[in-house]
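For reference, the structure is listed below as C-alpha cells.
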Amino acid sequence: ILNVEQSPQSLHVQEGDSTNFTCSFPSSNFYALHWYRWETAKSPEALFVMTLNGDEKKKGRISATLNTKEGYSYLYIKGSQPEDSATYLCASSNAGNNRKLIWGLGTSLAVNP
Amino acid sequence: EAGVAQSPRYKIIEKRQSVAFWCNPISGHATLYWYQQILGQGPKLLIQFQNNGVVDDSQLPKDRFSAERLKGVDSTLKIQPAKLEDSAVYLCASSFGVVAGSLQETQYFGPGTRLLVL
C-alpha cells in the first residue's frame, strides 16, 4: 500500500515570499507523481504530472522537481501572490495495470497581501 | 472544451435520508472517479469506472453507498441511508484512460457536491 505524505500541513507567507512544499512517496513500483491545486469553492486543478527521475516542470511562477530514487517531490512558488492561496495536493500512482492515485493530505497555503 | 459537471453543488439532509449526486464527465473520457473528501483529509477514492465497468470499489461502503455509470457516460452516486459521518465534499473526476501514458492519467475534477448530514 502506497503512503503519500505532504509537509508542511499549512503555511502562511507574505506576498512576494518564495516558498516550497514537500511530497514524499514510496519509491518502489512508482509510476507517476501528480500535483494539483485546490482553491476554495473551485475544482482541483492539475498542475504537473512527472514520471522520470530528475524531472522538472514549470508553469509560470510554480515549478516542481521529482526524485524517484529517494521518493520525494518539491513544489516551489516564486514570489507568492494572494491568488496562490489554495491547498496543494500531491498524488502518486503505481506501475502496473491496476493503477490508482494515492493522495496526500495536502499543504494549505495562505498568502497575505 | 466543457469540464466535468456535477450537481447539486450543495445538499443538506437529515441522517437516515437518501441523497443522490450526478456527474457528467468530459466527453471522450473513459475513466470516471468518485471521491469523498472529508475536511482535513485527502481525497478518498470511492469508486472508479472504466467505461461502464467498475475497476475499483474497494473503499465504497457498499451497505449504504451505490454508484452506476449507465452507457459509460454520466454517473450517479447514491447514499441510502445517510449518516452524520457522510458529511463531506463528493468529487467526481474523469480521465482519458487508466492504462495509457501518464498524461492521459491526469484527472479533471468537477466542482464537487458539499453534503451536510444533520
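Read the figures in this text as sums done on the coordinates, not as results from a lab. This structure is a prediction, so every number in the text was calculated from the model and none was measured. So basically every Cβ, Gly included, is an ideal-geometry build from the backbone, and we count neighbours across all protein chains shown.
When the residues of region B:1-56 are filtered to those that are among the small types (Gly, Ala, Ser) and assigned to a strand (DSSP E or B), which remaining residue is nearest to the other protein chains (Cβ to nearest Cβ)? The extreme case among them is B:Ala5.
The residues of region A:18-67 that are assigned to a strand (DSSP E or B), over 11 Å from the mean Cα position of the chain (by Cα) and farther than 18 Å from A:Gln81 by Cα, listed by number, are A:Phe30, A:Tyr31, A:Ala32, A:Glu56, A:Lys57, A:Asn67. Taking region A:10-59 as the region of interest, how many residues are within 10 Å of another protein chain (Cβ to nearest Cβ), touching a Ser or Thr at 6+ places or on another chain (Cβ under 9 Å) and either loosely packed, with under 12 Cβ neighbours inside 10 Å or β-branched (Val, Ile, Thr) (or both)? Summing the residues that are within 10 Å of another protein chain (Cβ to nearest Cβ), touching a Ser or Thr at 6+ places or on another chain (Cβ under 9 Å) and either loosely packed, with under 12 Cβ neighbours inside 10 Å or β-branched (Val, Ile, Thr) (or both) in region A:10-59 gives 3. Scanning region A:1-17 for residues that are in a strand (DSSP E or B) and either within 11 Å of the chain's Cα centre (by Cα) or of a type in the set (Asp, Glu) (or both) turns up A:Glu5, A:Gln6, A:Ser7. Take region A:81-93 and flag every residue that is within 11 Å of another protein chain (Cβ to nearest Cβ) and farther than 18 Å from A:Gln6 by Cβ. Selection gives nothing.
Exactly one residue out of B:Tyr33, B:Tyr10 is touching a strand residue (DSSP E or B) at 6+ places or on another chain (Cβ under 9 Å) and surrounded by 20 or more Cβ atoms within 10 Å (Cβ to Cβ), and it is B:Tyr33. Filtering region A:16-66 to residues that are without any contact (Cβ under 8 Å) to a residue 60 or more places away in the chain and of a type in the set (D, E, K, R) leaves A:Arg37, A:Glu39, A:Lys42, A:Glu45, A:Asp55, A:Glu56, A:Lys57, A:Lys58, A:Lys59, A:Arg61. Scanning region A:72-84 for residues that are out of contact with any Cys (no Cβ under 9 Å at 6 or more places or on another chain) and either farther than 30 Å from B:Tyr90 by Cβ or surrounded by fewer than 17 Cβ atoms within 10 Å (Cβ to Cβ) (or both) returns A:Tyr76, A:Lys78, A:Gly79, A:Ser80, A:Gln81, A:Pro82, A:Glu83.
Of all residues in region A:44-80, those satisfying the criterion of being more than 18 Å from A:Ser7 (Cα to Cα) and touching a Gly at 6+ places or on another chain (Cβ under 8 Å) are A:Arg61, A:Gly79. Restricting attention to region B:57-87, the residues that are more than 14 Å from every other protein chain (Cβ to nearest Cβ) and either part of a helix (DSSP H, G or I) or among the aliphatic types (A, V, I, L, M) (or both) add up to 11.
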